[in-house]
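Asker: Dropping the structure in here first, questions after.
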Amino acid sequence: MELSLTTRSTGAYTVLEVGGEVDVYTATRLRERLVELIDGGAHRVVVDLGRVDFLDSTGLGVLIGALKRLRTVSGTLALVCDKEPLLKIFRITALDQVFPIHPTLDAAIAADTSDPGA
């Protein structure tokens, strides 16, 4: 399956909507887009995984890399995901303890704005 990437701004947030499969074959495109956004000045990034059907360890690595890159510029990265198969991957890998994961975009933005350090 093909990977789709759509970027939009919502207030101070850059939202990257991801669709399809994020795997060893498509992760490079996701990595390049995230690097491009961060290097372009996006410091509050929300990755919406609502249309992702599959996510492998390569995709997880890309998200971790983006989080590390954002932390160097005091940025934030939140994930939007409500699909149980994907949430299970985050729980099994304990990455649900690393990434703030929210069921909706509104919840992700509300959680970040309620953070005094945001």
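Asker: Tell me the residue from L34, L30, L60, L79 that is within 11 Å of the chain's Cα centre (by Cα), in a strand (DSSP E or B), modelled with pLDDT of 95 or more and not acidic (D, E), please.
Answerer: L79
Asker: Considering only residues that are among the β-branched types (V, I, T) and part of a strand (DSSP E or B), look in segment 37-57 and name the one that is nearest to E17 (Cα to Cα).
Answerer: V47
Asker: A further question follows. Give segment 1-25 a look and list any residue that's in contact with a helix residue (DSSP H, G or I) (Cβ under 8 Å, 6 or more places away or on another chain), assigned to a loop (DSSP other than H, G, I, E, B) and not aliphatic (A, V, I, L, M), or say none.
Answerer: Hits for segment 1-25 are G11, D23.
Asker: For segment 36-59, which residues satisfy the criterion of being within 21 Å of D112 (Cα to Cα) and either among the β-branched types (V, I, T) or touching a helix residue (DSSP H, G or I) at 6+ places or on another chain (Cβ under 7 Å) (or both)?
Answerer: I38, H43, R44, V45, V46, V47, D48, L49, listed by residue number.
The values are calculated or read from the model by the stated rules, or taken from the named source; none is laboratory data. Worth saying up front: this structure is predicted, and the values here are computed from it rather than measured. Cβ sites come from the backbone with ideal geometry, for glycine too, and all protein chains shown count toward neighbours.
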